[in-house]
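The values are calculated or read from the model by the stated rules, or taken from the named source; none is laboratory data. Keep in mind that this is a model prediction, so the values were computed, not measured. Cβ placement follows ideal geometry from the backbone for every residue including glycine, while neighbour counts extend to all protein chains displayed.
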Amino acid sequence: MSDFRGEVRAWLEANCPASMRSPCRGEAEWVWGGRRARFFSDDARLWLERMAARGWTAPTWPRQYGGGGLAPDEATILDEELRRIDARAPLKSFGLWMLGPVLLEFGSEEQRAEHLPKIVRGEIRWCQGYSETGAGSDLAALETRAVRDPSDDRTWIVDGHKIWTSHADKADWMFCLVRTDASATKHEGISFLLFDMQSPGVSVVPIRLISGASPFCQTFFDGVRVPAANLVGRPGQGWTIAKALLKHERALIAQARDTATAEEEPLEAMARRYDVLGDPLLRDRVTQANLDSLCFTLTLRRSAETAQSRGQPGPESSMQKLYGTELNKRRKELRVAIAGYRGIGWEEPGFAPEELQLVRDWLRSRANSIEGGTSEIQLNIIARRVLGLGDGRS
Amino acid sequence: MAFVLDDVEEAMRDTARKWTREHAPVMQLRALRDARDTVGFSRAGWRELARLGLAGVTVPERWGGAGLGFAALGVVVEELGRTLATLPWLSSLMGTEALLGGASEAQRQAHLAAVCAGVRLMTLAHDEGHRHSRALPSTTATRSAGGFVLRGTKVMVLDGHVADAFVVSARDGEVTALFVVAAGARGLGIERSQVVDSRNAARLTLDGVTVREADRLGGAELLDRVLDRATIALSAEMLGSTVELFERTLLHLRTRRQFGVPIGSFQALQHRAAQLFCEIELLRSVVREALVAVDEGRSDVPRLACAAKARASDTFALCAAEAVQMHGGIGVTDELDVGLFFKRARVTAMLFGDAPYQRDRFARLEGY
């Protein structure tokens, strides 16, 4: 065993609380951090504090910003050791997954020093201000604008709204795409701005989905004043930064789906419980879904291996978001089909809690192929960037 | 790094690709078909490939083989699939795997080196009905003095019309048994089958063929082992055919112009091509996993054989159907190679069990 692996193993043995060595039993047990952080247990708080102190919530970020300063192969070892003991993620965070990598690439020294350590320690919870009612798949059509205060050119004034801002009602800060130059072309007039959700003029309304309550919100900005130093990169560079960030988001959604299926009851076990394995069509659908999941998991592994050995992801990585979400929809649809009359309940009485969850999950899954870039947009990307099929204008 | 080809495999792929394009292009299949060639493949080509080690890729070197594994075999047959080569690699694989898995030292001595050298052909004769089955064969092996008498009919015997020997499955009472039968055996009738994809197969009639006790190789376990391995290798060939056909179709989408633009600029076609890309990427992953599993001697080989073949059958068929449609009028002409791929997709889908068969077997192996 390498010295590093030994060191990691010993540290985890001494520092990972026993109750943190099993998968979360539900989203209620997740730790998101922030000013209003809620911890399911004292162990959860302790686990975050200890991991954050070593910088291992962000293993590869530089030490100067509170990160772990690990080389990629060391981070892999840490990940393997965490998996080995079934350790929970100490922190779920859009700051870690999305904003941090972008600040490391595009942020100023001041911005990194200010925000990264707080992300590592889970002190500030971030939300993402991207979509608008008029800018979904066509994100660059966004209209939320930021203009310089005529009397104070160190301040931007933001007006407009955002939609689908996950957890905006619980977040402390937002990273937000705004239009700073109305005269520039669609993509070049956009900037990437950071601001405190407690700023005067920010208001948040939660959104109900077909599946019921959701983390999604609509967020409104009415003359919100933001210091000019909070603009990341250059004015007009926002679209480039947004695209870099979306790549992180898509990888995340594909992974999340993969984990989700791993935690669920196997389809065939469910089919046996509901006594439908004798139906040859349902049995074949179960097998088809299982085989497709197997092939997809193998493809994720192949993709990771390719990225590791070649230094960049292969063409197969572009299908992860598309196939992962479509497969998840199919599996959720199959679950309610297996459950029959038990799979159409909305509330108690008359249905068991897990049956109601089945229905909510099925309904929620319909958003998977829309959020984070629709399946149709993913197909466009594959066709144009991977398969070299042009738009006909060239 | 099981999924990423290593340097040796990359080199093998390059060699195989160069060789197949020069010595076994699609044009060759077309020529053999049009000439109604009695052999159906190039014997010289097969001996040449045997000299390069392909006739016995998985056979240990001491028996005259290349001593490589299935991962290496997969890399090579993927290239053979690209040109729809009819060379008898699959029949030879089944023959050699049967010998390696169940034969006596004397039997191996008698056959392996010659098969690996490409001078002797050996194949498996198992299927009997209209589709593949692993149930007890109908062909009977009745005990007689010093051996057995075989009676029955075998179909879709790959390269059976030119094979020198067969591994024949039969029922010995209530168990399956495999026997080596020479092509010249008394009571053995061989009739070539003209299959739609121009790959070579034959129908055998065993009318009281006598075999010795020493000709018996093994039972159901050996048969499963041979069929699972052949299924995985065939899936690798199907992957090659699918990828080649997809690339040809993409080229057509980029170059064929209608309404003043390449037809590949139409979103209706782009999305179908992108869907196909996803399906093919999944196929590549499962084929590689199955090949590697054989080399690692893993217990999930039978399940992975089902997984790979189910997907290979469905994906090749989908790709073939899309290729014909996207090529338009020229796609349904005999002049274009696309039709040859379309035909091969149907035949390979049936070989060793189609997708529903594989899914059913996968479910059974998983216990449901």
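Here is a yes/no grid of residues against (1) assigned to a loop (DSSP other than H, G, I, E, B); (2) away from chain A (no Cβ under 11 Å); (3) within 15 Å of the chain's Cα centre (by Cα):
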position: B:292; (1), (2), (3): no, no, no
position: B:318; (1), (2), (3): no, yes, no
position: B:321; (1), (2), (3): no, yes, no
position: B:325; (1), (2), (3): no, yes, no
position: B:339; (1), (2), (3): no, yes, no
position: B:344; (1), (2), (3): no, yes, yes
position: B:353; (1), (2), (3): yes, yes, yes
position: B:367; (1), (2), (3): yes, no, no
| note | Scanning region B:91-106 for residues that are of a type in the set (Gly, Ala, Ser) and more than 17 Å from residue B:66 (Cβ to Cβ), the one surrounded by the fewest Cβ atoms within 10 Å (Cβ to Cβ) turns out to be B:106
| message | When you scan region B:232-252, do you find a residue that is farther than 20 Å from residue B:341 by Cβ and in contact (Cβ under 8 Å) with a residue 40 or more places away in the chain, even just one? | response | yes
| Failed condition for residue B:206, given (1) over 30 Å from residue B:344 (Cα atoms); (2) part of a strand (DSSP E or B) | (1)
| note | Subset of region B:164-197, residues in a strand (DSSP E or B), of a type in the set (Asp, Glu) and under 21 Å from residue B:219 (Cα atoms), comes to B:172
| message | I want to confirm something. Restricting to region A:268-278 and keeping residues that are surrounded by 15 or more Cβ atoms within 10 Å (Cβ to Cβ) and more than 9 Å from chain B (Cβ to nearest Cβ), which single residue is farthest from residue B:278 (Cα to Cα)? | response | A:274
| request: Check region B:255-277 and report whether any residue there is assigned to a helix (DSSP H, G or I), more than 11 Å from chain A (Cβ to nearest Cβ), crowded, with 19+ Cβ neighbours inside 10 Å and aliphatic (A, V, I, L, M). | output: no
| Enumeration of residues in region A:98-117 that are under 14 Å from residue A:128 (Cα atoms) and touching a strand residue (DSSP E or B) at 6+ places or on another chain (Cβ under 6 Å) | A:99
| said: Of everything in region A:377-392, what is touching a residue at least 24 places away in the same chain (Cβ under 8 Å) and more than 7 Å from every other protein chain (Cβ to nearest Cβ)? Give them in sequence order. | reply: A:377, A:378, A:381, A:385
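Restricting to helices (runs of 4 or more DSSP H) lying wholly in region B:11-114: which have 1 or more residues that are small (Gly, Ala, Ser), touching a strand residue (DSSP E or B) at 6+ places or on another chain (Cβ under 9 Å) and in the same structural domain as residue B:180 (by TED's automatic domain parsing)? Show your work before the answer.
Numbers: elements: B:26-34, B:43-51, B:70-82, B:89-102.
Here the list is empty.
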| message | Can you find a residue that is basic (Lys, Arg) and modelled with pLDDT under 95 anywhere in region B:74-92? | response | no
| query | Given the conditions (1) among the charged types (D, E, K, R); (2) more than 12 Å from chain B (Cβ to nearest Cβ); (3) not in a loop (DSSP other than H, G, I, E, B), and given that residue A:371 satisfies all but one, which numbered condition is not satisfied? | reply | (3)
| note | Looking across region A:57-76 at residues that are under 21 Å from residue A:17 (Cβ atoms) and touching a residue at least 24 places away in the same chain (Cβ under 8 Å), the single one that is surrounded by the fewest Cβ atoms within 10 Å (Cβ to Cβ) is A:57
| note | A careful count of residues in region A:281-305 that are under 19 Å from residue B:307 (Cβ atoms) and either more than 8 Å from every other protein chain (Cβ to nearest Cβ) or among the polar types (S, T, N, Q) (or both) gives 10
